[in-house]
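Scroll down for the structure; my scribbles are underneath it.
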Amino acid sequence: MPTDRSVKPIELRKLQRLVVDALEDVKAQDIRVFNTTTLTGLFDRVVIASGTSNRQTRGLASRVCELVKAHGGHVISVEGEETGEWVLVDLGDVVVHVMQPAIRAYYNLEELWGSKPVRVRLGAPATR
């Protein structure tokens, strides 16, 4: 989280919506959102999405960062951009995993984090 107390964190539902909108903007596949509040105290949501190529996974992660920052949010870190097979975006309360389908199937994060799926309306009007 930002150390500057003047920066107000984005409310969880709005942040979740921004992430989903950003992923939809770049045509992510199979977007899933999971509530992790009972599994860990580190973050409240895990978002998992697939991209069809290294270029698309990097583009998806980049769009998430861009949209969150545009709405006053803070990106803590981005990992995996160099290969683009699995890019992780840490937004504090929300952690986003953008993966190629083979990597996603192999690691099966849905089994780890998926006990409480969050219903998210896909294709909703974008938050701009």
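The values are calculated or read from the model by the stated rules, or taken from the named source; none is laboratory data. None of these values were measured; they are calculated from a predicted model. Glycine also receives a Cβ, built like all others from the backbone with ideal geometry; neighbour counts cover every protein chain displayed.
If the condition is being of a type in the set (S, T, N, Q) and either modelled with pLDDT under 95 or within 17 Å of I103 (Cα to Cα) (or both), then the range 37-88 contributes T37, T38, T40, S50, T52, S53, N54, Q56, T57, T83. Screening V95 with (1) part of a helix (DSSP H, G or I); (2) under 12 Å from the mean Cα position of the chain (by Cα) gives one miss only, at (1). Restricting attention to the range 44-72, the residues that are surrounded by fewer than 23 Cβ atoms within 10 Å (Cβ to Cβ) and small (G, A, S) add up to 6. Pairs are defined by a Cβ separation below 6 Å, a sequence spacing of at least 6 or placement on different chains, a first member in the range 67-84 that is under 24 Å from R55 (Cβ atoms), and a second member that is basic (K, R); the pairs so defined are E81/R58; G84/R58. Scanning the range 33-68 for residues that are aliphatic (A, V, I, L, M) and assigned to a loop (DSSP other than H, G, I, E, B) returns L39, L42.
What do you reckon, is E79 acidic (D, E), in contact with a Gly (Cβ under 9 Å, 6 or more places away or on another chain) and within 25 Å of I10 (Cα to Cα)? Give the steps one after another, and end with the answer.
Working: acidic (D, E): yes; in contact with a Gly (Cβ under 9 Å, 6 or more places away or on another chain): no; within 25 Å of I10 (Cα to Cα): yes.
The answer is no for E79.
Filter the range 86-102 down to residues that are surrounded by fewer than 17 Cβ atoms within 10 Å (Cβ to Cβ) and farther than 25 Å from G73 by Cβ, then give me how many there are. So the count comes out to 2.
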